[in-house]
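Peer 1: Dropping a structure here in structure tokens format, bear with me for questions.
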Amino acid sequence: METMMILIIGVLVVVATYLLLSKNIIRIILGTALLSHAVHLLILTIGEVKKGDVPLLKETPGPYTDALPQALILTAIVISFGVTSFILVLAYRAYAQNKTDDMEEMRGDEHE
Amino acid sequence: MNNLIVLPLILPIFIAVILIFFRQQIRIQRILTFSTLLLLIIVNIYLLIQVKVNGIQVLQFGGWEAPFGISFVADAFAMLLVLTTSIVAFLCMIYAFSSLGETFEKMFVYPLVLLMIGGINGSFLTGDLFNLFVCFEVMLLASYVLITLGGGKERLRESIKYVVINVLASWFFLVGLAMIYGTLGTLNMAHLAQRVAEVNQGPLLTTIALLFLVVFALKAGLLLFFWLPGSYRVPTTPIAAMFGALLTKVGIYAIFRMFTLIFPLETNITHTLIGVMAIATIIFGCFGVMGFKDLRQIVAYNVIISVGFVLLGLYANTTESLEGAVFYLMHDMLIKALLFLMIGTIIYITGRTSFDEIKGLIHQFPLFGWLFFIMMLSLAGIPPLSGFIGKLLIGQGLIDKGAYIAIGIGFLSSVIVLYSLLRIFLKSIFGEATYNQKFKTKIPKMMLVPMVTFGLLTLVLGVGAEIMMPYVEDAARVLTNPEIYINAVLNP
């Protein structure tokens, strides 16, 4: 199971890196979203997938799964959701003002 | 247990939420922001004195004991920075009241600033690595919105880069967190430090340490600063001042915590790398301040130089140099805020951003002109002012370590900083006055008051260093002896 997860994480990171390096802003944003999925899976994998029971003391016989990684992922998902929605709006505004979604044209060389 | 420690985090966030409901009532917003930040300063002074008298103050949230719950830890280092943050924010907001204008004020600028302050304070105080990530995100999300406020082509364009690079840095942060939790099975900073010491920081842990170095270097602008000049150029003056004064400092603080508390063992690898990165940062920063004519660009590169200089203190890693670094951080927060405010004011008066189009401001604004002079000397580290003591102590530490190249480059950078501002001073402040109808003839009083206060503070911090020194020594004592921190958290 862990090997499987690591392969998926690897593929996600590869695809996300490719998207991040492209010029189109929407692709970059999709890249950041994919990256965050990859790291959430990584945290899940590091907490060891399906090691034991639900951590309800006395209700279920042990051994228990570590619940902390899942709590961490939950927090991280909320944050990445918020950031992604913000950056989408920002990208739209920047597109409306600059009349382009090409990062090459958004370089802004006038100060360099 | 000291419940007051949570106030620097909870107070600004709580008031920010309330302010969101008063969007149209600017007066209420101003009064509440003003009084919150004033209250924060008072609380922080009280907490700082408590830390000095009673040792490190710890708060375990919900009564969950240290490695299991989230703890807030107030040591002298954190408290000094939290106090300086609240002072800088307070003065910048006074400047903002007269300079922002209604469109900004109705676009939630005060709640956002308070949220950012809450995030910054949380990052300084937290004793849990994941909580540090969350506080970073609170601070960053507020800063994303603040940097875009006002719109406009250039601002939106630069904001995208700022947001994307920070999202990427946060991603590395999460990867580092996953790795460290996988290897050590804890996220409490004191507990991590204990476990790293037990297993003797092997190659794997050193790699993780370097991953964290990349993360915080991106946030602090240590070598990986390519995003910084563009982003710090675009926000309006009081917001840019807070960015320049506070945001990079959080990254620097995190580097200091990480490499004095959790990963202090492999100094050959980590601290040497930090030293090399710091020297490179200083050199590139020097090229930047000399190479540009755009005032805002010069200021942004000044931030970069000081980041490099502070981290030389960690490179030397002696008690003196760490004292110097703590002192220099405080000085730098004050003086960078002043620098940003003054440059912003010059642009406000003249409407120009290139310094060779501006001449002879001192004839019309004598107080402003001489204040610029004081600020310049303090930034360069001339004795009675606050920059001197920090530089001296870091220099002493570097001599003890025998790092003569670092000390040479470090002090040469002071000369270059002086040169970069002297250019502006001689041309734009001194020099023949030219009559230009487009220039404004008055600086509003409420803009001058915070700037003069900053000027006085740098003088007080320099002349009255004796008053602050016990606190700074206390901070450096904890940084050099991590077991004090660990014991305070784990064995209360």
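Every read-out reported here was derived from the displayed coordinates using simple, explicitly stated rules and does not represent laboratory data. Fair warning: this is a prediction, and the values are worked out from it, not measured in the lab. So basically every Cβ, Gly included, is an ideal-geometry build from the backbone, and we count neighbours across all protein chains shown.
Peer 1: Quick one: work out the % antiparallel among DSSP beta bridges in the protein assembly as shown, nearest 5.
Peer 2: Working: 8 of 9 bridges.
Just about 90 percent of them are antiparallel.
Peer 1: Moving to a separate point now. Please get the size of the charge dipole for the protein assembly as shown, origin at its Cα centre, with Cβ charges of +1 on Lys and Arg and -1 on Asp and Glu, quoted in debye to the nearest 20.
Peer 2: Details: 36 positive and 34 negative charges, 359 e Å.
Computed about the Cα centre, the dipole is about 1720 debye.
Peer 1: Then there is this: Give me B:Leu273, B:Leu334 sorted ascending by neighbouring Cβ count inside 10 Å, so fewest comes first.
Peer 2: Working: B:Leu273 17, B:Leu334 25.
So the residues, fewest neighbours to most, are B:Leu273, B:Leu334.
Peer 1: Could you tally the net charge around B:Glu473, taking each other residue with its Cβ under 13 Å from the Cβ of B:Glu473, Lys/Arg +1 and Asp/Glu -1?
Peer 2: Details: positive: B:Lys52, B:Arg477; negative: B:Asp75, B:Glu320, B:Glu323, B:Glu466, B:Asp474.
So the surrounding residues net to -3.
Peer 1: Among the GluC sites (Glu not before Pro) in the stretch B:384-492, which ones are in a DSSP loop with at most 15 other Cβ atoms within 10 Å of the Cβ? Mind listing them? All intermediate terms of the calculation are to be shown ahead of the outcome.
Peer 2: Values: sites: B:Glu432, B:Glu466, B:Glu473, B:Glu483; in loops: B:Glu432.
Listed in order of number, the matching sites are B:Glu432.
Peer 1: Which chymotrypsin sites (Phe, Trp or Tyr not before Pro) in the stretch B:1-109 sit in a loop by DSSP (not H, G, I, E or B) and have at most 11 other Cβ atoms within 10 Å of their own Cβ?
Peer 2: Working: sites: B:Phe14, B:Phe21, B:Phe22, B:Phe34, B:Tyr46, B:Phe61, B:Trp64, B:Phe68, B:Phe72, B:Phe77, B:Phe90, B:Tyr95, B:Phe97, B:Phe104, B:Phe108; in loops: B:Phe21, B:Phe22, B:Trp64, B:Phe68, B:Phe108.
Here the sparse-neighbourhood loop sites are B:Phe21, B:Trp64.
Peer 1: Taking chain B as the reference, fit the longest principal axis to its C-alpha atoms, fit the long axis of helix B:109-125 to the helix C-alpha atoms, and give the angle between the two in degrees, 0 to 90, nearest 10.
Peer 2: Result, in degrees: 30.
Peer 1: Rounded if a/c is under 1.5, else prolate if a/b beats b/c, else oblate: with a ≥ b ≥ c from the C-alpha gyration tensor eigenvalues square-rooted, which is the stretch B:383-492? It would help to have the intermediate numbers written out before the result.
Peer 2: Values: a/c = 3.35, a/b = 1.77, b/c = 1.89.
Oblate.
Peer 1: With the cut-off at 1.5 for a/c, could you classify chain B from its C-alpha gyration tensor as rounded, prolate or oblate? Walk me through the numbers on the way to the answer.
Peer 2: Details: a/c = 1.68, a/b = 1.35, b/c = 1.25.
Prolate, because a/c is 1.5 or more and a/b exceeds b/c.
Peer 1: Could you work out [θ]222 nm for the protein assembly as shown from helices alone, using -39500 (n - 2.57) per DSSP H run of at least four and dividing by all its residues? Round to the nearest 500 deg cm²/dmol. Show your work: numbers first, answer last.
Peer 2: Working: 24 runs with 434 residues, N = 604.
Calculated from helices alone, the mean residue ellipticity at 222 nm is -24500 deg cm²/dmol.
Peer 1: Quick check for me: using +1 on Lys/Arg Cβ and -1 on Asp/Glu Cβ, what's the dipole size of the stretch B:3-490 about its Cα centre, in debye to the nearest 20? Walk me through the numbers before you get to the answer.
Peer 2: Details: 28 positive and 22 negative charges, 352 e Å.
That gives the stretch B:3-490 a dipole magnitude of about 1700 debye.
Peer 1: Quick one: which of A:Lys23/B:Lys293; B:Lys106/B:Lys440; B:Lys249/B:Lys440 span more than 32 angstrom between C-alpha atoms?
Peer 2: Values: A:Lys23/B:Lys293 30 Å; B:Lys106/B:Lys440 25 Å; B:Lys249/B:Lys440 34 Å.
Pairs exceeding 32 Å: B:Lys249/B:Lys440.
Peer 1: Can you figure out the FRET efficiency of B:Asp294 with A:Lys51, using R₀ = 60 Å and their beta-carbon distance, to the nearest 0.05? Walk me through the intermediate numbers first.
Peer 2: Numbers: r = 57 Å, r/R0 = 0.95.
Given R0 = 60 Å and the Cβ-Cβ separation, E is 0.60.
Peer 1: Same structure, new question: Neighbouring Cβ atoms within 10 Å as the yardstick, rank B:Val163, A:Val89 fewest first.
Peer 2: A:Val89, B:Val163
Peer 1: Quick one: grab the alpha carbon gyration tensor of the protein assembly as shown, order the square roots of its eigenvalues as a ≥ b ≥ c, and give me rounded if a/c is under 1.5, else prolate or oblate depending on whether a/b is larger than b/c.
Peer 2: Details: a/c = 1.59, a/b = 1.33, b/c = 1.19.
In terms of gyration-tensor shape, prolate.
Peer 1: Another question, then. Arrange the following residues from fewest to most other Cβ atoms within 10 Å of their Cβ: B:Val53, A:Val49, B:Val472, A:Val13.
Peer 2: Working: B:Val53 7, A:Val49 14, B:Val472 25, A:Val13 19.
Final ranking by Cβ density, sparse to dense: B:Val53, A:Val49, A:Val13, B:Val472.
Peer 1: Can you give the angle from 0 to 90° between the axis of helix A:25-46 and the longest principal axis of chain A, with both taken from C-alpha atoms, to the nearest 10?
Peer 2: The two axes meet at around 20 degrees.
Peer 1: For chain B, take the longest principal axis of its alpha carbons; what is the angle in degrees between that and the long axis of helix B:26-54, to the nearest 10 within 0 to 90?
Peer 2: Roughly 40 degrees between the two axes.
Peer 1: Let me ask you something else. Toward the positive end of the charge dipole of chain A, about the Cα centre and with charges on Cβ (Lys, Arg +1; Asp, Glu -1), which of A:Ala16, A:Ile79, A:Tyr95 goes farthest?
Peer 2: Positive-end residue among those listed: A:Ile79.
Peer 1: Which one of B:Gly308, B:Leu421, B:Leu222 is farthest out on the positive end of the charge dipole of the stretch B:3-490, using unit charges on Cβ (Lys, Arg +1; Asp, Glu -1) and the Cα centre as origin?
Peer 2: Looking along the dipole axis, the top candidate is B:Leu421.
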